[in-house]
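S.K.: Can you read through this structure? Questions will come right after.
The values are calculated or read from the model by the stated rules, or taken from the named source; none is laboratory data. Since the model is a prediction, treat every value here as computed from it, not as a measurement. Cβ atoms come from the backbone with ideal geometry, glycine included; neighbour counts cover every protein chain shown.
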Ligand SMILES: [Fe+2]
Ligand SMILES: [Fe+2]
């Protein structure tokens, strides 16, 4: 009996100590990436305000003594259908950061802290860098996805940011999926700022009544730019990173409004390179899938204003088109746009597409992939890798 009491005391002590440990830590780039960095995290227990400590990174172990501390009011968010899971969410944009600098940060409730993690701010003006792009995670959060994140981190350790092409989880009203998604990716998301496109599965929150409405748990999970059209904040936006404009579209609603916005964002664009990301493929690889309205609304603008590549998901296979202009293959990658569909997670589909003739590479072999894009002053080098680290596709645009 004594033994059980001691266990009970220990267990209570343990749970009190970690009662308000921060979870689901995720960095996100801001529109002005040289001086800002956004981050979100949450607690499962009631916390009035979270804390963020940050300082320029250094090798010594006194970061906690000189770090600046910010208080972040928590927002209460129900993450399950039926209002059954309550989280206390913190979301903040750190501003006035030094450009081209590595910062150390940690988050917590003031008593319980995460480890010290690091991130890096962008350089001003055009400078070479590499980013990572992943197709849908969706399945295999703590089984198959961690090995992919690990391989991507080994392949591009200095990646500036990661882009996820949507369908982060399968059913967003099941909170355990978010839990598993963030746990499986914690090493990556605490180091690399993440840009996420919103997939059709994000909208399944309100499956019964409001299938065309973004559920209330998307925005608290992420802290993405709010520079898109009104009503589409944090799902349609752009980030400028070292001379590259990365534009994210929301393929699920208000497409006409986004096309209008896209025109302005492409027209007034001082960057060297422009890349777009959207969940649904413009030239889909899946059976019976076709979305002509995306091609009609977005491609003429992208062609006119020199978008180089469009990064997509949704079809759970790998396809990369030849460079295309007006739906036709062109010889020179600099004169067309390459459209990629990829998949990161364990959900896999066959390829049955009416656009097969446009695909330079197509693979549907139940494999996981990740991609890197390296931007240089005169070239964009794109590579796709299997989860084993083999580069199975390579595409270069020179201009
Ligand atoms: Fe999808
Ligand atoms: Fe998907």
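S.K.: What pairs come out if I take residues in the stretch 124-140 that are without any contact (Cβ under 8 Å) to a residue 12 or more places away in the chain and pair them with residues that are within 15 Å of ligand 2 (Cβ to nearest atom) whose C-beta lies under 9 Å away, six or more apart or interchain?
M.R.: Matching pairs, first to second residue: none at all.
S.K.: Out of the residues in the stretch 162-182 meeting the condition of being in a helix (DSSP H, G or I) and without any contact (Cβ under 8 Å) to a residue 60 or more places away in the chain, tell me which one is farthest from ligand 1 (Cβ to nearest atom).
M.R.: Looking at the filtered set, the residue picked out is 176.
S.K.: Can you name the condition, by its number, that residue 125 falls short on among (1) assigned by TED's automatic domain parsing to the domain that holds residue 250; (2) more than 16 Å from ligand 1 (Cβ to nearest atom); (3) within 19 Å of residue 247 (Cα to Cα)?
M.R.: So residue 125 meets the others, but not (1).
S.K.: Moving on. Looking at residue 198 and the list (1) away from ligand 1 (no atom under 15 Å from the Cβ); (2) assigned to a loop (DSSP other than H, G, I, E, B); (3) modelled with pLDDT of 95 or more, which single condition is not satisfied?
M.R.: Here residue 198 meets the rest and fails (1).
S.K.: List the pairs whose first member sits in the stretch 305-316 and is outside any loop (DSSP other than H, G, I, E, B), whose second member is modelled with pLDDT of 95 or more and within 8 Å of ligand 1 (Cβ to nearest atom), and whose Cβ atoms are under 9 Å apart, counting only residues at least 6 apart or on separate chains?
M.R.: From the stretch 305-316, the pairs are 312/166; 312/279; 312/280.
S.K.: Which residue out of 147, 151, 93, 106 is within 18 Å of the chain's Cα centre (by Cα), modelled with pLDDT of 95 or more, outside the structural domain of residue 234 (by TED's automatic domain parsing) and over 15 Å from residue 221 (Cβ atoms)?
M.R.: When all the criteria are applied, what remains is 93.
S.K.: Of all residues in the stretch 288-337 being within 16 Å of ligand 1 (Cβ to nearest atom) and under 16 Å from residue 248 (Cα atoms), which is surrounded by the fewest Cβ atoms within 10 Å (Cβ to Cβ)?
M.R.: In this case the residue turns out to be 294.
S.K.: Continuing with this model, one more query. Do we have any residue at all in the stretch 279-294 that's within 16 Å of ligand 2 (Cβ to nearest atom) and on the phi > 0 side of the Ramachandran plot?
M.R.: Yes, because at least one residue in the stretch 279-294 is within 16 Å of ligand 2 (Cβ to nearest atom) and on the phi > 0 side of the Ramachandran plot.
S.K.: Inspect the stretch 9-30 for any residue being modelled with pLDDT of 90 or more and out of contact with any strand residue (DSSP E or B) (no Cβ under 7 Å at 6 or more places or on another chain) and give the result as yes or no.
M.R.: yes
S.K.: Right, another one. Mind listing whichever residues of the stretch 179-209 are within 16 Å of ligand 2 (Cβ to nearest atom) and in contact with a helix residue (DSSP H, G or I) (Cβ under 7 Å, 6 or more places away or on another chain)?
M.R.: 198, 202
S.K.: At least 3 residues that are surrounded by fewer than 20 Cβ atoms within 10 Å (Cβ to Cβ) and within 15 Å of ligand 1 (Cβ to nearest atom) in each: list the strands (runs of 3 or more DSSP E) lying fully within the stretch 216-287 that qualify.
M.R.: Ranges flagged: none.
Okay, residues lined up against (1) in contact with a helix residue (DSSP H, G or I) (Cβ under 9 Å, 6 or more places away or on another chain); (2) assigned by TED's automatic domain parsing to the domain that holds residue 219; (3) without any contact (Cβ under 8 Å) to a residue 40 or more places away in the chain:
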residue	(1), (2), (3)
244	no, yes, no
265	no, yes, yes
285	yes, yes, no
291	no, yes, no
321	yes, yes, yes
327	yes, yes, yes
338	no, yes, no
343	no, yes, no
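S.K.: Does residue 130 qualify as being closer than 30 Å to residue 317 by Cα and either modelled with pLDDT of 95 or more or in the same structural domain as residue 167 (by TED's automatic domain parsing) (or both)?
M.R.: yes
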